[in-house]
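Data first, discussion second: the structure below is written as structure tokens.
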């Protein structure tokens, strides 16, 4: 080794070690400073049991019979088992639409029956466009519409969090649409809330422009979101796109959830969002549920994606 | 060390810091809550800023290698997040704007400037005449 052309002497070794140590030290200090600015130091102090824990399941498409998933009922049952085995009882479960594939009475009966297996005090739903294919959502509302307003929208408060369920799948043209009545509902619904109230909004179609060419957006969402700009924490959860996706715009964070039925292509992959057929062994990796938790004192919610594998 | 080399070194530090600041901003403004991606943004930001500071004050050449690998890795991660996804995280196009573009340009410049700096360093070492000339003018660096 002493004959090697680039042998490092002791002084050089000490010098390089000093530079390396400085790099590590500065990186650690920098990370600490950034974490502190981001408020994670405060978050660490309030760790413990979250104030609110719930699960999101989406796009079960009960009644679908394509080769992308020959047994969507079985996949949905597995998703329910996954939620029932999280190790705790979620405060509630939300289904962000497309409960059925063709909105037939049998399919609504089947999905309702399956969801009775969820071990949680409350199940909340919003319709997808597949749940209102021929009747503007009447059959959906007859099964899941109890206690809702207008065409199925509603809100509730739980553990200091205000939750708003929006319907953007009726009056569809290309993009999702909320409509004047629902926008008016949102404006009045949040008018009296203090600005530090955490807000959770869930809908079927994304409230952000995820890929408008495929209809993955809501044409009048900007107005609804304008009513929520003053709140320090707004989290929007949606289904429809059959894949995990997230985006932050100012105080609003959007999270698209995956499906329990079949995957769709990534935005722009191919001419249209047609079901993707995966090898059987890979299908369950693409399907899943989402855990969401909120801890008082933290601005943002924590999410965990769980596959059905 | 000649003037061009100093300018290149400052350029590397500035572009690296720009990428780090951009990642730190996104981390503070929401990305901290995205599983795995949040941690990756924090590490990218803190290591970028640390390397930028040390390169600026004249550290050894391996810092430039580390900077190039960090910037290159960030570019790969950016590409994955726009295509097949990264740890279940994907984004579309140039969102979040303008940070996606800022980071991308800064990282491309970092890689390019590091390549210039390191290639030039090798050329000087492999050319006895240039090396002697730098020694005689007191511009040769150690380490």
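The values are calculated or read from the model by the stated rules, or taken from the named source; none is laboratory data. Please read these numbers as outputs of a predicted model, since none were measured by experiment. Methodologically, a virtual Cβ is constructed for each residue, glycine included, from the backbone with ideal geometry; neighbour enumeration extends over all protein chains shown.
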Name every residue in the range A:114-142 that is closer than 16 Å to residue A:61 by Cβ and either touching a strand residue (DSSP E or B) at 6+ places or on another chain (Cβ under 6 Å) or at pLDDT 95 or above (or both), in order of residue number.
-> A:114, A:115, A:125, A:126, A:127, A:128, A:129, A:130, A:131, A:139, A:140
Could you check residue A:171 against (1) assigned to a helix (DSSP H, G or I); (2) out of contact with any helix residue (DSSP H, G or I) (no Cβ under 6 Å at 6 or more places or on another chain); (3) free of Cβ contacts under 8 Å to residues at least 40 places away in the same chain and say which number it fails?
-> (1)
Across the range A:83-110, what is the number of residues that are closer than 18 Å to residue A:122 by Cβ and touching a strand residue (DSSP E or B) at 6+ places or on another chain (Cβ under 6 Å)?
-> 8
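Per-residue answers, yes or no, for (1) surrounded by 11 or more Cβ atoms within 10 Å (Cβ to Cβ); (2) modelled with pLDDT under 90; (3) away from chain B (no Cβ under 11 Å):
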residue: A:2; (1), (2), (3): no, yes, yes
residue: A:11; (1), (2), (3): no, yes, no
residue: A:38; (1), (2), (3): yes, yes, no
residue: A:46; (1), (2), (3): yes, yes, yes
residue: A:49; (1), (2), (3): no, yes, yes
residue: A:54; (1), (2), (3): yes, no, yes
How about the range B:1-85: which helices (runs of 4 or more DSSP H) wholly inside it have at least 3 residues that are surrounded by 18 or more Cβ atoms within 10 Å (Cβ to Cβ) and at pLDDT below 90?
-> B:3-28
Scan the range A:295-309 for residues that are in a loop (DSSP other than H, G, I, E, B) and at the interface with chain B (Cβ under 9 Å from one of its Cβ atoms) and jot them down.
-> A:298, A:299, A:300, A:301
Pull up the range B:23-58, narrow it to residues that are within 7 Å of another protein chain (Cβ to nearest Cβ) and in contact (Cβ under 8 Å) with a residue 40 or more places away in the chain, then point me to the one that is farthest from residue A:233 (Cα to Cα).
-> B:53
Could you list, in sequence order, the residues of the range A:220-240 that are out of contact with any helix residue (DSSP H, G or I) (no Cβ under 9 Å at 6 or more places or on another chain), over 22 Å from residue A:56 (Cα atoms) and modelled with pLDDT under 95?
-> A:229, A:232
Flag if residue B:88 is over 19 Å from residue A:20 (Cβ atoms) and at pLDDT below 90 = yes
Are any of the residues in the range B:90-100 in a helix (DSSP H, G or I) and buried (at least 18 other Cβ atoms within 10 Å of the Cβ)?
-> yes
Which numbered condition residue A:211 fails, given (1) crowded, with 19+ Cβ neighbours inside 10 Å; (2) within 11 Å of another protein chain (Cβ to nearest Cβ) | (1)
In the range A:244-252, is there at least one residue being in contact (Cβ under 8 Å) with a residue 12 or more places away in the chain and more than 13 Å from chain B (Cβ to nearest Cβ)?
-> no
The strands (runs of 3 or more DSSP E) lying wholly within the range A:233-277 that contain at least 2 residues that are out of contact with any strand residue (DSSP E or B) (no Cβ under 7 Å at 6 or more places or on another chain) are A:245-249
The range B:77-127, residues that are more than 25 Å from residue B:31 (Cα to Cα), out of contact with any helix residue (DSSP H, G or I) (no Cβ under 9 Å at 6 or more places or on another chain) and within 14 Å of chain A (Cβ to nearest Cβ) | B:122, B:126
Would the range A:195-216 turn up any residue that is under 26 Å from residue B:36 (Cβ atoms) and free of Cβ contacts under 8 Å to residues at least 12 places away in the same chain?
-> yes
